[in-house]
Each structure stands twice: as structure tokens, then as C-alpha cells.
1. Condition (residue is more than 16 Å from Val129 (Cβ to Cβ) and aliphatic (A, V, I, L, M)) applied to the stretch 196-208: is it met by at least one residue?
2. Out of the stretch 119-169, which residues are closer than 18 Å to Glu238 by Cβ and of a type in the set (A, V, I, L, M)?
3. Quick check on Asn17: is it surrounded by 15 or more Cβ atoms within 10 Å (Cβ to Cβ), polar (S, T, N, Q) and in contact (Cβ under 8 Å) with a residue 12 or more places away in the chain?
4. Output the residue which, of all residues in the stretch 217-254 that are within 25 Å of the chain's Cα centre (by Cα) and of a type in the set (Phe, Trp, Tyr), is surrounded by the fewest Cβ atoms within 10 Å (Cβ to Cβ).
5. Residues that are part of a loop (DSSP other than H, G, I, E, B), in contact with a Lys or Arg (Cβ under 7 Å, 6 or more places away or on another chain) and hydrophobic (A, V, I, L, M, F, W, C): does the stretch 98-106 have at least one?
6. Condition test on Ala188, is it of a type in the set (Gly, Ala, Ser) and out of contact with any helix residue (DSSP H, G or I) (no Cβ under 9 Å at 6 or more places or on another chain)?
Amino acid sequence: MTPKLAYIHPDAQLGKNVTVEPFAYIAGDVVIDEGSWIGPNATILDGARMGKNCNVYPGAVISAIPQDMKYAGEITTTEIGDNCTFREGATINRGTVALGKTVMGNNCLMMANSHVAHDCIIGNNCILVNNVLLAGEVHVDDFVIMGGGSAAHQFTHIGAHAMISGGAMFKKDIPPYSIINNNPVGFAGINKIGLKRRGYSQQSINQIEEIFKIIYFSGRNISQAVQYLKDNFESTDELNYIVDFISKSKRGILKSAIK
């Protein structure tokens with residue numbers, strides 16, 4: 001459904017059963033797959049590639065040019081999966097020459113006034129609560145929940161299943177499966193409830209907890225802790241993911257908030 005009061009560029013590609021409400025704006029270099037809803041006063045700009053059954057609420061802006069001084073007008077994209085929702089005032093910018101695209105997976109929710117900057121990579125099933133801010137080139141793995149007003153420094157990496165308290169602002173990488181406190185900002189345990197809800201066995205949860213005891217509370221430095229885990233723990237998907245995440249971290253992982 002397309003009311004006369006909406007603007008849709010003739011080059012825009014809209015799939016079946018896409019609803020565009022009055023006063024919405026859709027630019028020319030845009031692809032929106034079937035079943036999506038574009039609310040009144042929503043803005044979809046050049047470079048947007050949106051999957052099926054997405055919802056864009058009033059005031060949200062998808063694929064605006066980056067707020068980055070190195071952006072020089074290059075053609076870039078914002079690539080969004082299926083079943084994503086952008087609430088009022090949410091903004092997601094397209095890429096720069098650094099990566100060429102900003103990416104969001106399936107089943108993600110950006111609540112009101114949250115912001116995703118250029119060249120971010122966001123996985124599946126992530127929730128950015130109101131006023132969350134992601135700087136440029138942040139990498140967010142699957143099933144991450146960021147509480148209201150939290151903010152990620154440029155280039156940081158957030159591991160899967162992490163849960164970040166509202167108001168937390170961080171410059172270091174967030175290990176997978178972890179809960180992050182906001183005062184002081186740091187590791188505060190593992191996300192047991194989230195892992196149980198997603199089908200992790202108690203045995204796996206117990207192993208993850210033991211892994212982080214070695215990392216944070218054994219008296220070893222990070223390199224020593226990683227080597228100890230490799231030498232002494234049973235190889236599992238969870239262990240290998242944690243070890244790989246830490247080994248590849250360029251900014252280092254966040255310190256513990258527990259003394």
C-alpha cells in the first residue's frame with residue numbers, strides 16, 4: 001500500500017506487500033523485500049538493502065551518509081536482514097571506504113533513538129535498547145543485548161550472548177557470554193539466564209563459568225590464562241570461541257568489575 005502523500009523514487013525496488021505510510025521518504029537506490037512496513041515520516045536513503053518483514057517507525061533514518069570526516073561520497077550500502085525493527089528516531093548509517101557497508105543480521109531490534117554508525121557489523125537476534133550508541137566499525141556478534149544509554153567505542157568487538165548494563169561506556173572488547181556492569185564498567189559474571197533461555201546445557205554453562213574464573217580470577221595474565229585453558233580444558237565450541245575471541249582482540253578485553 002502506497003499513499004499519495006509518501007514519496008517513493010521511481011527507481012526504488014519494493015517487494016510484495018510492502019506498506020509505505022503517509023509522509024515516508026524512500027530514495028532511488030533502495031531495495032526493500034516483501035512484507036515490510038515503512039511508517040509515517042520514516043526515511044530510507046540511498047544504499048539501503050532491507051530484508052523481509054522489517055518495520056521502520058516514525059523518525060527512523062536508514063542508510064544516511066556516515067558521520068565520518070573520511071567519507072568522500074563513495075557508493076556504499078546498509079545491508080539489513082529479515083524481521084528487523086527500527087523504533088522511533090533510530091538511525092543506522094551506511095559504510096565508508098573502510099568496509100563499504102554497514103551490516104545487520106536477522107531479528108534485530110533498535111529501540112528509540114539508538115544509533116549504529118558506519119561500517120558496523122551486527123549479528124542476528126541483537127537488541128539495542130533506547131539511546132544505545134555504536135561508534136564506527138564496531139563488531140557485535142549474535143544475541144547481544146545492550147542496555148539503554150550504553151555506548152561502544154570505535155573498533156570494539158562484543159562477543160555473542162553478552163548482556164551490557166544500561167549506561168555502560170567501554171573502550172575494550174566485551175567477551176562472549178558475559179554480563180557487563182556499568183559502575184564500575186567491567187565483567188560481572190556470565191549471562192546464565194540468557195544462555196538457559198537459548199538452550200545451553202547446564203554442563204556448558206558450568207564450563208563457561210569455569211573458563212572465566214581462569215581468565216579473571218586465577219592470578220594469570222591473559223596470555224597465561226589462554227594457554228592454561230588450551231592445555232587443561234576439554235575442547236568445546238564455547239571454549240574455542242572464547243579463546244579465539246580473546247586471541248584476536250586488538251583492543252584487549254574489558255577488566256573485571258568484581259574485586
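1. Checking the stretch 196-208: at least one residue is more than 16 Å from Val129 (Cβ to Cβ) and aliphatic (A, V, I, L, M).
2. Hits for the stretch 119-169 are Val144, Ile158, Ala160, Ala162, Met163.
3. No: the conditions fail for Asn17.
4. Tyr241
5. no
6. Working: of a type in the set (Gly, Ala, Ser): yes; out of contact with any helix residue (DSSP H, G or I) (no Cβ under 9 Å at 6 or more places or on another chain): yes.
For Ala188, the condition - of a type in the set (Gly, Ala, Ser) and out of contact with any helix residue (DSSP H, G or I) (no Cβ under 9 Å at 6 or more places or on another chain) - is met.
Just so you know, all these numbers are worked out from the coordinates, no wet-lab data involved. Treat the numbers as computed from the prediction; the structure is a model and nothing was measured. Methodologically, a virtual Cβ is constructed for each residue, glycine included, from the backbone with ideal geometry; neighbour enumeration extends over all protein chains shown.
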